[in-house]
Amino acid sequence: MKLTSLDKSLKLIDTLSKNPQGLSLSQLSQILTYPKSTTHHILSTLLPYDYVSQDAETKKYSLGFKFLSIGKVILDSLDVRKTAYRHLRELQEKCREAVHLAILRNGKVIYIDKIDKQGGLSLATYIGFRTDPHAAAGGKVLLSELSRKEIIDIYRERPLKPYGKNTINSMPRLFEELEKIKKQGYAIDDEEYYEGIRCIAAPIRAGWKVIAAVSITGAIFTMTMERIRNELKKMVMETAEKISNELRW
C-alpha cells in the first residue's frame, strides 16, 4: 500500500534537492500542487530533525544538514570508493587534471568521488552529481556492459538529451559507440557533455562485473587527443586495473 503522506514528503525533499537556492512555502506548494496547509505540515515535521532548514531572513526552505551526515555514511560504506581513493590521488598527481569515480544507479551516472585539479579550470561536478550516462565518458563505460534491452529501458521515457556540441543523439549511434568502448576498454568524451572539455574513462571490475568507472577530465587545451592517446589512456586504464585487482581480494 502506498503511504500518501510519506510519498508527499519524499517528493518535497526531491524538489528541494533540485532547488539549492531555496523555495518559499508558496513556491513549494505551487510546484508540488499541494495545499499550503499540507506543505507547511510536512515542513514542520521535517524541520526539528534537520532534514529541512529555513533561512531566517528570506524564510525560504532548503535541505537540512542531516543529509550531509546520511550521505557520508552511504559514501563511506562503498567499498569501491575506499579502495579507489589512494589510486585516484596518485592518478591526479600524475595527470594534473580532475579525476572522478562514478557508478550507475537507476539509469543515472553518479559521481561518488572527485579530486580537483589545483588551479585553472573548475568543473561544475561534485560528489553526488547525477546526470545522463550517454554524454559522459564514465557513463558510456558503465553503459557498455549492459544489454541493449537494459539501455533501451533506461531511455524509454526520455530522449538522448543534448549537452555539448558532440553529444550522441541517436540510439544506433550510441550502440555503435558502446560496442567500440567494450572492445577497446575505455571511453572518450570529446566535448560531448561540456563544450571545451574532454574526458577519458576506464571500467573498474569486481570479478567480471563492471561496478564503477574512473575518469580524467580537463580542458581541450591541456587534454589534446594526442595526449589522451599517448599518455592519459594508459594512465586511466592502469588505475582502473589496480583498483579492480584490489577489489578481488
Report summary line: Considering region 223-249, residues that are at pLDDT 95 or above and not in a helix (DSSP H, G or I), and then whichever is nearest to the chain's Cα centre (by Cα), we arrive at M223
**Report entry** Test set (1) out of contact with any Asp or Glu (no Cβ under 8 Å at 6 or more places or on another chain); (2) buried (at least 16 other Cβ atoms within 10 Å of the Cβ); (3) of a type outside the set (D, E) - A98 fails condition number
**Finding:** (1)
Report task. Among the residues of region 160-208, write down those that are closer than 15 Å to P133 by Cα, in a strand (DSSP E or B) and among the β-branched types (V, I, T). Result -> I188, I200
Requested in this report: Would you please list the contacts, defined by Cβ atoms under 6 Å and residues six or more apart or on different chains, that run from a residue in region 203-227 that is closer than 18 Å to L101 by Cα to a residue that is among the charged types (D, E, K, R)?
Outcome: V210/E145; I216/E97; G218/E97
Query raised in the report: Just to be sure, is E93 over 18 Å from the mean Cα position of the chain (by Cα) and within 18 Å of I197 (Cβ to Cβ)?
Result: no
Report task. Report, ordered by the first and then the second residue, all pairs with beta carbons closer than 9 Å, sequence separation of six or more or different chains, a first member in region 167-182 that is within 18 Å of R205 (Cα to Cα), and a second member that is surrounded by fewer than 18 Cβ atoms within 10 Å (Cβ to Cβ) and at pLDDT 95 or above. Result -> none
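Does region 68-87 hold any residues that are basic (K, R) and either at pLDDT 75 or above or under 16 Å from A240 (Cβ atoms) (or both), and which are they? Give the steps one after another, and end with the answer.
Of the residues in region 68-87, the ones basic (K, R) are 72, 81-82, 86.
Residues satisfying the conditions are R81, K82, R86.
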Query raised in the report: Is it the case that some residue within region 1-19 is in contact with a helix residue (DSSP H, G or I) (Cβ under 6 Å, 6 or more places away or on another chain) and acidic (D, E)?
Result: no
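Are there any helices (runs of 4 or more DSSP H) wholly within region 1-112 with 1 or more residues that are among the basic types (K, R), and if so which? Let's see the steps before the verdict.
Numbers: elements: 4-17, 25-32, 36-46, 66-76, 79-95.
Those helices (runs of 4 or more DSSP H) span 4-17, 36-46, 66-76, 79-95.
The values are calculated or read from the model by the stated rules, or taken from the named source; none is laboratory data. In this text the structure is predicted, and so the values were computed from the model without any measurement. Heads up, the Cβs are rebuilt from the backbone with ideal geometry, glycines too, and the neighbour counts pull from every protein chain shown.
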